[in-house]
1. Condition test on LEU43, is it at negative phi, modelled with pLDDT of 90 or more, out of contact with any strand residue (DSSP E or B) (no Cβ under 8 Å at 6 or more places or on another chain) and not assigned by TED's automatic domain parsing to the domain that holds LEU163?
2. Does LEU138 count as in a helix (DSSP H, G or I) and under 15 Å from LEU96 (Cα atoms)?
3. Quick one: which helices (runs of 4 or more DSSP H) lie wholly within the range 41-119 and hold at least 1 residues that are of a type in the set (Asp, Glu), over 20 Å from the mean Cα position of the chain (by Cα) and surrounded by 11 or more Cβ atoms within 10 Å (Cβ to Cβ)?
4. Those residues that are over 19 Å from LEU94 (Cα atoms) and in a helix (DSSP H, G or I), I need them from the range 173-206; list them, please.
5. Does the range 171-200 hold any residues that are farther than 18 Å from GLY107 by Cα and either outside the structural domain of LEU130 (by TED's automatic domain parsing) or small (Gly, Ala, Ser) (or both), and which are they?
6. Go through the range 47-77 and count every residue that is within 27 Å of ALA197 (Cα to Cα) and of a type outside the set (S, T, N, Q).
7. Give the residues of the range 140-183 that are more than 21 Å from ALA198 (Cα to Cα), aliphatic (A, V, I, L, M) and touching a residue at least 60 places away in the same chain (Cβ under 8 Å), sorted by residue number.
8. Could you list, in sequence order, all residues of the range 141-172 that are in a helix (DSSP H, G or I) and among the aromatic types (Phe, Trp, Tyr)?
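The values are calculated or read from the model by the stated rules, or taken from the named source; none is laboratory data. Being a predicted model, the structure only gives us computed values, none of them experimental. Here Cβ is always computed from backbone atoms with ideal geometry, including for glycine, and neighbour counts include all displayed protein chains.
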Amino acid sequence: MKKKISITLFHLSLLSTPFCLLAQSEDLFSSIRQDIKSDESLLPERMIFTQRFLWGENGLFRITGISPLNTEQREKELKLRRSMLKVHQIIGYLTLAGMVTQGFLGGKLYNNWEEGLYRTHKTVGNLTTLSYFTGAGLSLFSPPPLINKKYKGLNSIKAHKYLASIHFSAMVMTGIFKNRNKKIHKYSAYTAVGSFAAAMLVFKFN
């Protein structure tokens, strides 16, 4: 009799085990969902100023209701970020090609002035500047990642950012001095091309 009762209790315990595990799993998933729904967990602690202005907890897109801060919307933002950074990379290659072409045309102009060559140089320059700042905007204004880790020492990501600061400043200087000081314009352009190419290389071989 005792043996039958023990067997019955054993079977009941086996039957109840999946329900206990299911209940524990549900509690765990509920806890995870609760954590994910927290506004702080949906955004990284560190964001660049443009991302914080648009996508921060009190950013423009949040307070206007364009992009409310919730799990579903953040998933959409991360997909948008991936697409924007892919286009940013493609535009980067086109911009580099334009910069190299500009350097070639500019070098010919310094040695032998031609009106037709100048117009070509100016057109290519305007298109390159447009593509450069379009690519920069895609990076600066993209939604922030879910996590923005802080790494010790120098790595490819940090090098890319440092070089970006150099070529961005050089591009601004190139535009400012194109009709004011040819020498500064020339060296600014060379600095922009060199640092831009280096920024693409360190990221390419990450």
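1. In short, yes.
2. So LEU138 does not fit the description; no.
3. none
4. MET173, ILE176, LYS182, LYS183, ILE184, HIS185, LYS186, TYR187, SER188
5. Answer for the range 171-200, where residues must be farther than 18 Å from GLY107 by Cα and either outside the structural domain of LEU130 (by TED's automatic domain parsing) or small (Gly, Ala, Ser) (or both): SER195, ALA197, ALA198, ALA199.
6. 3
7. Within the range 140-183, LEU146, ILE147 qualify.
8. TYR162, PHE168 - these are the residues of the range 141-172 that are in a helix (DSSP H, G or I) and among the aromatic types (Phe, Trp, Tyr).
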